[in-house]
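I have placed the structure first, in the form of C-alpha cells, so that the comments after it can refer back to it.
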Amino acid sequence: MPSGNIRALALACVVALSAHIGAVPPARAQPAALTKSQAEALEAYNNATNAFKAILAERRRQIDTHQKLPNLPGQALYLARVAMISAYKDLTDALPSKIGRPNKFGVPPAYFDADTEPLVDEYIALFAVMEAPPANAQNSATPFKDVVDLAVAIARAKGLDAATAENAGRIGLGIFYAETNGRQNIGNARSNTYKGSLQSGPSEDRGGQKKWAAIRPAIAAFDPALIARDDKEQARVGNLDHRLNHWTAVRDALMNAHADLFPQIPAIVKTLPDPIDQMKLFELIQIIPTPTRAALKSGDLAGYRISDPTIMRYLRNNSIFAFGRADRARTSATFRDILDAMWLFNNKFERALAKFNEIRGQTK
C-alpha cells in the first residue's frame, strides 16, 4: 500500500562524470574489459535509469502544464524505480566493484547508486503532488500526537498498563510514517481504493468504526479528554468519508487492523526487542495480515516461513524481495528474513522513533 516513501530535479539529474575524467589516474581510467554478462548488466542498468528519468520527466511535464494525468499515475513511476534498483542490484551482483558510497536514504549500497539520489528526490516530490489531500480533507494541527494518543488509549483499553501502552504509541506512529511518510489525509497514486492517513479501504474503515464504538466507553473511563476530542472530530466529519479526517482515519484504521494485537505487545517486545523490528511487524499486518497473525500464534515468530506465491507477490508489491533477480527468485522466506528485507522502511521508522521521542519529551 504504501507509497512512494514520497523537488523538481529530474531533468538535471544526469551526473556530469565527464568533467572529472581527466582527474582519474591512468590505471583507473582504463578499467578491465567486462565479460559479456557484466556488459549486459551494465547496459540493462543504464537503460533502466534512462527509463526512470524519462517517466519522471513526462509526469513532471504533465503536472506543470496542467494536463490530465492517467489513471493510477504513480504506478508507472513506482515500477520504473523498482526496475532501476533491481537492475543496479543485478549489476553489483555481476560486478561487485560497482558498489558505491552510502546514500542518504539508507538503502544498502549494493542496491542503490548514490548518484541517482536526485531522481528519487524528484520521485518523492511528484508523489507529493499526485497524492495531495483533496480540498475537503480535514487536517489536524497535531497529527503525530494524535496518532500516539489514539494508539496508547486503545492499547490501555485492551488491557495494557500505561507504560507498556507507550509501545503501541510508538508503533502507531511507525505505521503512519510507513504508509504516508507522516503526511495526513493523502490520496494514493497507485490505488483507487486506499486513502487517508493510514491508507485504509472503505470496508476497513467501516470495520474500524464499529470496533471503535464498542471500545469507546472503556476509554472514556480513564481518558475523558480524548473522548471529548473524539466527539469534536466526529461532529466535524459528519457524513464525510472518515478517511478524509485525520483523527477518524487513524482511529478507525488502528481499530480495524491493529487493536486486537496490542495485547500481544509484551510478548512481541520480548521476541523483537528492536523498536524498528516491532514497527516492521505491525506494518506487515497492513501488507499480509493473515500470515502475520499466523506467525504470531505459531510460537516461533522469527522462524515462521512463508511459501505461498500469492503472499510472496504481495511482499514484492510492497518493496520486499522486489529488487534484483536473486531476491525476486525467492520462493519462501521466514519472518526474520522478511523483517531484514524491509530495509526500505528503515529510514521511515527511524524518523518515527525520533518523532515519538520528541513528542514524549515535550509532554514531559
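The values are calculated or read from the model by the stated rules, or taken from the named source; none is laboratory data. Small disclaimer: the values here were computed from a predicted structure and weren't measured. Positions of Cβ are generated from backbone atoms using ideal geometry, with glycine treated the same way; all protein chains shown enter the neighbour counts. Side chains are part of the model used for accessible areas, which takes the heavy atoms of the whole protein and leaves out ligands, DNA and RNA. Shrake-Rupley method; radii C 1.70, N 1.55, O 1.52, S 1.80 Å.
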*Within region 294-315, considering residues that are among the β-branched types (Val, Ile, Thr) and surrounded by 13 or more Cβ atoms within 10 Å (Cβ to Cβ), the one farthest from Asp277 (Cα to Cα)*: Ile311
*Going through region 159-176 one residue at a time, which ones are surrounded by fewer than 18 Cβ atoms within 10 Å (Cβ to Cβ) and assigned to a loop (DSSP other than H, G, I, E, B)?*
Gly159, Asp161
_Residue under question is Pro70, and the condition is that it be out of contact with any Ser or Thr (no Cβ under 6 Å at 6 or more places or on another chain) and not in a helix (DSSP H, G or I); does it hold?_
yes
*Looking at region 153-167, is at least one residue modelled with pLDDT of 95 or more, within 22 Å of Asn181 (Cα to Cα) and aliphatic (A, V, I, L, M)?*
no
_List the residue pairs whose Cβ atoms are under 7 Å apart, where the first residue sits in region 316-331 and is under 13 Å from Ala83 (Cα atoms) and open to solvent by 80 Å² or more (accessible area, probe 1.4 Å), the second is in a loop (DSSP other than H, G, I, E, B) and of a type in the set (Gly, Ala, Ser), and the two are 6 or more positions apart or on different chains._
Arg328/Ala322
*Residues Gly100, Gly74: which one is touching a Gly at 6+ places or on another chain (Cβ under 8 Å) and not polar (S, T, N, Q)?*
Gly74
*Report, ordered by the first and then the second residue, all pairs with beta carbons closer than 7 Å, sequence separation of six or more or different chains, a first member in region 50-69 that is open to solvent by 20 Å² or more (accessible area, probe 1.4 Å), and a second member that is part of a loop (DSSP other than H, G, I, E, B).*
Lys53/Cys13; Arg60/Ala8; Gln62/Leu69
_If Val147 meets every condition in (1) farther than 22 Å from Ala352 by Cα; (2) open to solvent by less than 10 Å² (accessible area, probe 1.4 Å); (3) β-branched (Val, Ile, Thr) apart from one, which number is that one?_
(1)
*asked:* Go through (1) out of contact with any Ser or Thr (no Cβ under 9 Å at 6 or more places or on another chain); (2) surrounded by 20 or more Cβ atoms within 10 Å (Cβ to Cβ) for Asp337 and report which single condition fails.
replied: (2)
*Go through region 70-92 and count every residue that is surrounded by 16 or more Cβ atoms within 10 Å (Cβ to Cβ) and more than 20 Å from the chain's Cα centre (by Cα).*
6
*Might you let me know whether region 20-37 holds any residue that is at pLDDT below 60 and surrounded by 11 or more Cβ atoms within 10 Å (Cβ to Cβ)?*
yes
